[in-house]
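Shown next, in structure tokens, is the structure this report addresses.
Where a number appears in this text, it was derived from the coordinates with a stated rule and is not lab data. Remember, predicted model here, so these are calculated numbers, not experimental data. Ideal geometry is used to build each Cβ from the backbone, glycine not excepted, and the neighbour counts take in all protein chains shown.
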Amino acid sequence: MTRGAPRIDTGGVWAPGVGLPDYHTHNSRCGHASGTLREYVEAALRRGLSGMGASAHLPLVHTRDPILSMALSELHDYVGEVRALQAEYPGFILLGIEADYRPDTFDDVRGLLESYPFDYVIGSVHYLDGWPFDDPRQRHTWDGREIEDVYRRYFDLVGEAAETGAFTLIGHLDLVKKWGHRPPRPLEDAARALAERIARAEVVVEVNTAGLRKPVAELYPDVTLLRLLREQGVAVTFGSDAHSPQDVGRDFDAALAAVREAGFDSYAALEYPPTGIESPDHHPAGNVGRTPRAIPTLRPLPDPPSEMTEAEASP
Ligand SMILES: [Zn+2]
Ligand SMILES: [Zn+2]
């Protein structure tokens, strides 16, 4: 299968992401990412990805921080820019957004999500009761915390996020480990409870490769959590969380291997139903307001690369 795969111009680099989509990408509008949306799309095409979702950070409603997200006034232009690229590359790019889940602002966030025609929404927890635990500028504020409590609170909020019905995908499922803090013992009960909540909510979990580029140096989520998700019948998909065009589709070979190791043989692609966009009744998740949404659809995982193909492709 791999040997017969179409030859794609990958810019001289064998592309492990061939055939997979990347649904988690940022761009210069996000304040802390570089590169235009067009540059991300072109990178995704060069690497042979099967599709790309733009998922800029939804403007934060509780604070204005130009480092963390675009301003509310830019949201309209972002949507227009993605729509224009969709017209140029039909079927390749989706209009997504990464939205924070925090209970105190969620009504406002839901309102914003309903005001725009997003194809899908990534739900992410970056705040624990107001604490921006993953913000590099706040790393010192971990000092003296009870790590087990932090993990339990984080898993709890992610479970709540899944249950809102507002999100198509859950972003970086175990982001709480980003700086390498570990609870004194494995929290299998909390992890299992989270997997069960996600399964009941029928939300897809992204395998996010950005963790490999952070101090923890692991995928989000790790293989243990992936196994729990598999046991519960949760579908997974892929995201690089690229903050520069060269990271689009990055480390998807590692993500694919981890997903296979955890026992998956399929992943969720986000697609419109064949009849077009009018099917408001059977959206399993992320069905907010009147907006038509792309539907998570199970597709077989591509074959892992054979050594032959890698050798053939490297000059
Ligand atoms: Zn995030
Ligand atoms: Zn992100």
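Using 0.36 nm per residue of separation minus the Cα-Cα distance, give me the extension gain between ASP156 and ASP104 in nm, one decimal.
Values: separation 52, 0.36 × 52 = 18.72 nm, distance 1.47 nm.
Contour length minus the Cα-Cα distance gives 17.2 nm.
Note down the relative contact order for the range 21-313 as a percent, whole number, built from C-alpha pairs under 8 angstrom at least six residues apart. Numbers along the way, then the final one.
On the way: 558 pairs, mean separation 55.6, N = 293.
Answer for the range 21-313 is 19 percent.
Taking the Cβ of ALA268 as the center, what net charge do the other residues with Cβ under 15 Å away carry, scoring Lys and Arg +1 and Asp and Glu -1? Present the calculation step by step, with values, prior to reporting the outcome.
Working: positive: ARG230, ARG293, ARG299; negative: ASP22, ASP119, GLU202, GLU206, ASP265, GLU271.
Around ALA268, the surrounding residues sum to -3.
How far, in nm, would the chain grow between GLN138 and ARG260 when pulled straight, counting 0.36 nm per residue and subtracting the alpha carbon separation?
Extra length available between GLN138 and ARG260 comes to 40.4 nm.
When each pair of different Cα atoms in the range 137-227 is counted once in the 1/r mean, what is the Kirkwood radius in angstroms, to one decimal? Walk me through the numbers before you get to the answer.
Working: mean 1/r = 0.0734 Å⁻¹.
It is 13.6 Å.
In a shell of Cβ-Cβ distance under 9 Å around PRO296, excluding PRO296 itself, what net charge do Lys and Arg (+1) and Asp and Glu (-1) give?
The answer is -2.
Just to be sure I understand the model, the point goes 7 Å from the Cα along the line to the Cβ. What's the resulting ARG182 to LEU212 distance in nm?
2.0
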